[in-house]
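All remarks here apply to the structure that follows.
Every number in this text was worked out from the coordinates using simple rules, so none of it is lab data. This is a predicted model, so every value here is computed, not measured. Here the Cβ positions follow ideal geometry from the backbone for every residue, glycine too, while neighbour counts run over all protein chains shown.
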Amino acid sequence: MVRNCVWRLAAGIILLVAVASTGVAQLASSSREVQSLRLYVLDGGVLASDPARYRLTADDVEETALAVAAYLIVHPRGILLWDAGAIADGERIPGGTGVEQRVLRHDGEERFVTLGPALVPQLNASGFAPADVTHLALSHYHWDHTANANAFAHATWLVPEIERDAMFADEPPGGVRLATYTALEQSRTVFITDDEHDVFGDGTVIIKQAPGHTEGHAVLYVKLAQTGSVLLSGDLYHYPAERTLGRLPTFEVSEEQTRRAREDVEAFLSRTGAALWIQHDLPAHRRLKKAPEYYD
Ligand SMILES: [Zn+2]
């Protein structure tokens, strides 16, 4: 009996080591291909929207609909997924790209997304599998940024503690879909404490805290050799008109914090010379190269 248990334990350890070493081998091979930093733009479809939720009118915006995007940042030391889309690959309704899918948020409000391509096939087309992703960071917890999060629960999750606490509170925020990220509760988690968190230790990929939209909302700075530096906005802005007209969404956790975060980020942009990429800006998103093409 005891010997049987020992055998099982030994077999289990061997299996664990085998799985772990396989994971490392896969990671090494996909990272080795990349000598310098790359940014892949992943298309997450189009989200129906109402500019009034952002204190704007239809005349203020070029298009009322919003883009949904996720980004794969491939660094020689690891691979970061920034945001995880609005519709999980496993919940897509039949019909594929171009079909409108209804989504219910935690608070019962409905939203409509015109499907783009599924997320994992975009990774695969770029030469990566979900298992290759070493780090996951979400700009914030709203449903249109978390859809495929569970597929990356094996990665190290980089999150401010206050954001994680809100996500797993007894009563989570109304704008989430809890089921899309429940697996993250068991993820290896690194709490972001610095205002600027240097993901790979060389200053090229930095998560910058920009709270207010949610408790721990953040933006992502990526310093690319050819393209130059870009700043992925999260939901600090949705439409360019929020920036030019100084308008705030109507549903911030703290408008005061968002105002301060915007001032802080604008100063950061001036200091670094980074280009601001407003993730939800549909006309701008359409102009970007999409995976498997990439920015470097
Ligand atoms: Zn959003």
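Suppose the chain between residue 170 and residue 250 were pulled fully straight at 0.36 nm per residue; how much longer would it get relative to their current alpha carbon spacing?
Values: separation 80, 0.36 × 80 = 28.80 nm, distance 2.41 nm.
Taking residue 170 through residue 250 to full extension adds about 26.4 nm, to one decimal.
Please give, to one decimal in nm, the separation of the simple spin-label points placed at residue 296 and residue 64, each 7 Å out from Cα toward the Cβ.
Calculated label separation equals 4.3 nm.
Mind jotting down the three principal axis lengths of segment 53-177 based on Cα atoms? Whole angstrom, largest first.
Its Cα atoms span 45, 36, 30 Å along the three principal axes.
Between 127, 85, 234, which gets the highest mean-square fluctuation from a Gaussian network model of the chain, Cα cutoff 10 Å?
Comparing 127, 85, 234 in the GNM, the peak value goes to 127.
Strictly greater than 27 Å: what percent of every Cα pair in segment 113-270 meets that? Don't jump to the answer; show the numbers that get you there.
Numbers: 3090 of 12403 pairs.
So the portion of pairs separated by more than 27 Å is 25 percent.
Given the options 84, 210, 118, which has the most mean-square fluctuation in a GNM of the chain, springs set between C-alpha atoms less than 10 angstrom apart?
118
Would you please give the FRET efficiency between residue 189 and residue 260, computed as 1/(1 + (r/R0)^6) with r the Cβ-Cβ distance and R0 = 25 Å, to the nearest 0.05? Don't skip to the answer; put the middle values down first.
Values: r = 26 Å, r/R0 = 1.05.
So, using R0 = 25 Å, E works out to roughly 0.45.
Give the percent of DSSP beta bridges with both residues in segment 43-158 that are antiparallel, rounded to the nearest 5.
Working: 15 of 20 bridges.
If we restrict to bridges inside segment 43-158, about 75 percent are antiparallel.
Hey, could you grab the Kirkwood Rh for segment 182-236? Inverse mean 1/r over distinct alpha carbon pairs, Å, one decimal. Provide the component values of the computation, followed by the final result.
Details: mean 1/r = 0.0803 Å⁻¹.
Over segment 182-236, the inverse of the mean reciprocal pair distance is 12.5 Å.
In which sequence would 295, 71 go, from the one with the fewest C-beta neighbours within 10 Å to the one with the most? Present the calculation step by step, with values, prior to reporting the outcome.
Values: 295 20, 71 23.
Exposure proxy ranking, most exposed first: 295, 71.
Taking the chain as a Gaussian network, Cα atoms linked when under 10 Å apart, which of 230, 34, 68 shows the biggest mean-square fluctuation?
Largest GNM mean-square fluctuation: 34.
I'd like the antiparallel share, as a percent to the nearest 5, of DSSP beta bridges with both residues in segment 202-296. Please list the in-between numbers first.
Details: 10 of 13 bridges.
In segment 202-296, DSSP labels about 75 percent of beta bridges as antiparallel.
Which angle from 0 to 90°, rounded to the nearest 10, does the C-alpha axis of helix 255-272 make with the longest principal axis of the chain?
On a 0 to 90 degree scale, this one is about 80.
What's the local net charge at residue 276, with K and R +1, D and E -1, over the other residues with C-beta under 15 Å away? Walk me through the numbers before you get to the answer.
Values: positive: 208, 223, 243, 262, 271, 287; negative: 235, 242, 263, 264, 266, 281.
Its environment carries a net charge of 0.
To the nearest whole percent, what portion of all C-alpha pairs in the chain is separated by more than 25 angstrom? All intermediate terms of the calculation are to be shown ahead of the outcome.
Working: 20777 of 43660 pairs.
Summing the P(r) tail past 25 Å for the chain gives 48 percent.
Need one number: % antiparallel among DSSP beta bridges in the chain, to the nearest 5.
So the antiparallel bridges in the chain amount to around 75 percent.
With the radius of gyration and the Kirkwood radius both derived from the Cα set of segment 191-296, what is their ratio Rg to Rh?
On the way: Rg = 13.9 Å, Rh = 14.4 Å.
We get a ratio of 0.96 for segment 191-296.
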